[in-house]
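Below is one structure; the comments refer to it alone.
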Amino acid sequence: MNRRDFIASTGAGLVTIMLGGCNFMSQDKAQQQSVALAAMDNNTDSKNDRSTKMKITVITGSPHQNGTSALLADKFIEGATAAGHDVFRFNSAFEEVHPCIGCDRCGMNGPCVYQDSMEKLNPELLASNLVAFVTPLYYYGMSAQIKTVIDRFYANNSRLHVSKKAILMATAYNSSDWTFNALTEHYKTLLRYMGWENAGMVLAVGCGTRSVIERTDFPNQAYQLGLNI
Ligand SMILES: Cc1cc2nc3c(=O)[nH]c(=O)nc-3n(C[C@H](O)[C@H](O)[C@H](O)COP(=O)(O)O)c2cc1C
């Protein structure tokens, strides 16, 4: 795929920022609005079978080491590890990742001009059966930290267009029913372009702080997603 095709196929969307009305919701309601779409068959024995063992890369996007989305990542990894999967975690906000400058020296299939932490991530990413994106909601999209990493997929674009699964886990302060609309549309569009299959989402609405999310069912949902992936 050349650069022109890539740009044509991804397109440019209209982004509307709606940050008003961060109304806080009750815990019950937040839990009702949970979206955990994994196929969870609760058969942990079969998941521990070596033949189902997967290589998983978890990419986090928050600058809060012990924040809300970090908790979802921790729980997902706990579940996935208990199920016997190999997990590599890449905390974008604590790594050195230069934004893609679109120089095209990589030709979408070659070394990037920047030699930074992506050199550590890329071999893991390429070898993974599943990629987990974990981000706080920032202005109704993913954080810049994780988006910067995704933009750097560009240098391995062709090699990443292979069968993989993906999951999305995100946290937000807001609890409106449209809170995650833009993020999930972006995620689904990204997967469609990459040819990856969605294996589940945990969308933690009404979770602006660690103490709040700890009182919800979302961490358990993240654990179950990892366990049953
Ligand atoms: C720059 C910035 C933008 C944010 N934008 C939104 C937003 O658009 N909608 C929302 O509900 N919460 C928004 N929040 C709140 C965070 O999504 C929320 O506090 C989240 O739990 C933070 O996750 P973390 O603890 O993993 O960093 C924003 C926070 C920051 C710092």
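The values are calculated or read from the model by the stated rules, or taken from the named source; none is laboratory data. Small disclaimer: the values here were computed from a predicted structure and weren't measured. Neighbour counts are summed over all protein chains in view; Cβ atoms, including those assigned to glycine, are modelled from backbone coordinates with ideal geometry.
Side notes on the structure shown:
- Count - residues of segment 187-229 that are among the charged types (D, E, K, R) and touching a residue at least 60 places away in the same chain (Cβ under 8 Å): 4
- The numbered conditions (1) of a type outside the set (D, E, K, R); (2) surrounded by fewer than 19 Cβ atoms within 10 Å (Cβ to Cβ); (3) over 21 Å from residue 124 (Cα atoms) are all true for residue 69 except (2).
- When 140, 193 are checked against the criterion of being in contact with a helix residue (DSSP H, G or I) (Cβ under 8 Å, 6 or more places away or on another chain) and farther than 25 Å from residue 94 by Cβ, a single residue qualifies: 193.
- Residues of segment 97-107 satisfying the condition of being surrounded by fewer than 16 Cβ atoms within 10 Å (Cβ to Cβ) and either assigned to a helix (DSSP H, G or I) or not aliphatic (A, V, I, L, M) (or both): 98, 99, 102, 103, 104, 105, 107
- Only residues that are among the polar types (S, T, N, Q) and within 25 Å of residue 116 (Cβ to Cβ) were counted across segment 134-177, and they come to 7.
- Taken over segment 208-229, the residue count meeting the criterion of being hydroxyl-bearing (Ser, Thr, Tyr) and touching an Asp or Glu at 6+ places or on another chain (Cβ under 8 Å) is 1.
- Pair list, Cβ under 6 Å, 6 or more apart: segment 56-81 residue modelled with pLDDT of 95 or more, other residue in a helix (DSSP H, G or I) and among the hydroxyl-bearing types (Ser, Thr, Tyr): 61/92; 62/69; 75/223; 78/223; 79/223
- Going through (1) of a type in the set (Asp, Glu); (2) away from the ligand (no atom under 16 Å from the Cβ); (3) within 21 Å of residue 198 (Cα to Cα) one by one, residue 74 falls short only on (2).
- Residue in segment 110-123 that is free of Cβ contacts under 8 Å to residues at least 60 places away in the same chain, under 28 Å from residue 224 (Cα atoms) and of a type in the set (Phe, Trp, Tyr) present: no
- Unique residue being among the hydrophobic types (A, V, I, L, M, F, W, C) and touching a Leu at 6+ places or on another chain (Cβ under 7 Å) when the list is 172, 155, 144, 182: 172
- The condition of being surrounded by fewer than 16 Cβ atoms within 10 Å (Cβ to Cβ) and either assigned to a helix (DSSP H, G or I) or within 16 Å of the ligand (Cβ to nearest atom) (or both) holds for residue 64.
- Looking only at segment 84-96, and only at residues there that are assigned to a loop (DSSP other than H, G, I, E, B) and surrounded by fewer than 20 Cβ atoms within 10 Å (Cβ to Cβ), the one that is farthest from the chain's Cα centre (by Cα): 84
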